[in-house]
Structures are given as structure tokens and as C-alpha cells.
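Working notes for the structure below.
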Amino acid sequence: MDRYSKITNKNPREIVLLKAFPCAWGKCAFCDYIDDNSRNEAEMTALNAQVLQNVTGELGVLEVIDSASCFELPKPTLELIRRIVKEKNIHRLFFESHWMYRRQLQKMRDAMGVPITYKIGVETFDNDFRQKVLNKNADFKTPEEVAEYFDSPCIMVGIKGQTKEMIDRDIDILKKYFKLGTVNVYTNNTTAIKKDDALIAWFREKYKYLDDDPAIEVLYENTDFGVGD
Ligand code: SF4
């Protein structure tokens, strides 16, 4: 599996995919990422250190992702990231976190000593679909609530049961309330949540222009950032 890459088109940055403890929620209906989680701290710490050795700092920005929230990374890994930030003159980090950790984001910023752009897997701002169908356990009601804590929501498009209106509204919200955003075009995995090919075709056509929007990254495959398998 590729765990290090460089993103050079939008928001240039190095990116690493690290291993973490299982997501504390772990019950989203579409999620089968847990295969990359572990409970063996020593093993994860060693692997993460190996991956982090690739970081050069050449772009000044580092994104760290794992198959959970940044708060589920082993402590020694977080300590190593902090050291690398200092040594390689990294001036910004991108981290990802679930809504449940929203009150801990600032503590992590203080610990890392550089600004952190926080991504959040919102999946959709349609509260019913997010909570009842996707079982996301992120009970905010408005985009303003999310924007109070997070910088860059990730939304998913092309799921069976989603509507064009829901997607239009989600893209509008991304543009109106947030500086950055990610759109993940849904791909089937081992869960019962399935993609809707017609909806995806409609999205690709209507929102082709997002490919040229510097603030929105559209991922057509899970591996579009160059990490994962
Ligand atoms: S919060 Fe993320 S890692 Fe946790 S279950 Fe949901 S999608 Fe999976």
C-alpha cells in the first residue's frame, strides 16, 4: 500500500497515510476502513515512523490521514509529527477529525505549534440522510456549527438514496461557509451502502467545473490523493 505521496495540483502538500487505533465511533454505515486500524501500538508506531521518514518539508505543508481521526493516532506518532514539523519547517498541517472531537481541536493545534486545517467527514449536510442512513453520529444541525470548529468538510456524492437536490445544496454550502472542501465520489465497498451510477454521471457532468476550482478537491477514486490501495 502507498502511504506517502505529494499533491501538486491544488493546495500543494505532502500527504501520509498512517495507522491508528480503531475509530472510537466505528459505526458509520458506509465505512469499512477499519481494516487498516490496529491495537498494536508498537507496531503502528514503527510503521508510522518509517512512513514519516519520507517527509521532506519541501512544500511546507503536510497532510496526515489515517483510517480514523487524528486523535486516534498513537501518542509517539503525534510526538514525531511535532518534531518533523519543527525540523522540516512545515508551516501548516492538514488533519482530519470526527465531530465528536470538536472540543479538542484547539489543544492539538497548541501541541503542534503550527496552524492546522481541520477536515471533517460531514458526508452531507442533509441531517436525516447523514444521521439516519449513514449513521454518522455527527449531530450538528447547521453548517455554521461545523464552520465554528472545522475548515474543510468532506462530502460524499453518488450514494443510492441521495438526491440531486441534496448534492446541489451540499456544494452550495461548501462554497458559502468554508474556504476548502473535498468531494468524494462514492465507490462501492463491502458495506450495504451502494453507489448510484446515474447520480454520479449527473454529478460529473454538472460539476465538471469543480476540477478547476482551487478550493474544492474532487476525488473520483479513494486513491486519487496517491495513497491507499
Ligand atoms: S467516523 Fe470515519 S472511521 Fe469512524 S466509522 Fe465513520 S467513516 Fe469510519
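Table for the structure above
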{"item": "Qualifying residue in segment 155-173 (condition: within 30 Å of MET44 (Cβ to Cβ) and either of a type outside the set (A, V, I, L, M) or touching a Phe, Trp or Tyr at 6+ places or on another chain (Cβ under 9 Å) (or both))", "result": "yes"}
{"item": "Tally of residues being crowded, with 18+ Cβ neighbours inside 10 Å and of a type outside the set (Lys, Arg) across segment 132-153", "result": "10"}
{"item": "Residue identified as touching a Ser or Thr at 6+ places or on another chain (Cβ under 9 Å), more than 21 Å from THR182 (Cβ to Cβ) and more than 16 Å from the ligand (Cβ to nearest atom) among THR77, THR117", "result": "THR77"}
{"item": "Helices (runs of 4 or more DSSP H) within segment 47-165 that include 2 or more residues out of contact with any strand residue (DSSP E or B) (no Cβ under 9 Å at 6 or more places or on another chain) and closer than 21 Å to PRO12 by Cα", "result": "75-87"}
{"item": "Where a residue in segment 27-42 is under 20 Å from GLY228 (Cα atoms) and its partner, wherever it lies, is among the aliphatic types (A, V, I, L, M) and near the ligand (Cβ under 7 Å from one of its atoms), with Cβ under 9 Å and at least six apart", "result": "TYR33/ALA68; ILE34/ALA68; ASP36/ALA68; ASN37/ALA68"}
{"item": "Selection within segment 154-170 - crowded, with 21+ Cβ neighbours inside 10 Å and at negative phi", "result": "ILE155, MET156, VAL157, ILE159, GLN162, ILE167, ASP170"}
{"item": "Residue tally, condition not charged (D, E, K, R) and not in a helix (DSSP H, G or I), over segment 183-211", "result": "12"}
{"item": "From the options VAL55, VAL64, residue that is surrounded by 17 or more Cβ atoms within 10 Å (Cβ to Cβ) and within 16 Å of the ligand (Cβ to nearest atom)", "result": "VAL64"}
{"item": "Every residue from segment 166-182 that is aliphatic (A, V, I, L, M) and not in a loop (DSSP other than H, G, I, E, B)", "result": "MET166, ILE167, ILE171, ILE173, LEU174"}
{"item": "Residue match in segment 41-51 (condition: within 16 Å of the ligand (Cβ to nearest atom) and out of contact with any Gly (no Cβ under 7 Å at 6 or more places or on another chain))", "result": "yes"}
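FYI, it's all coordinate maths here, none of it is from the lab. Being a predicted model, the structure only gives us computed values, none of them experimental. Please note: Cβ atoms are built from the backbone with ideal geometry, for glycine as well, and neighbour counts cover all protein chains shown.
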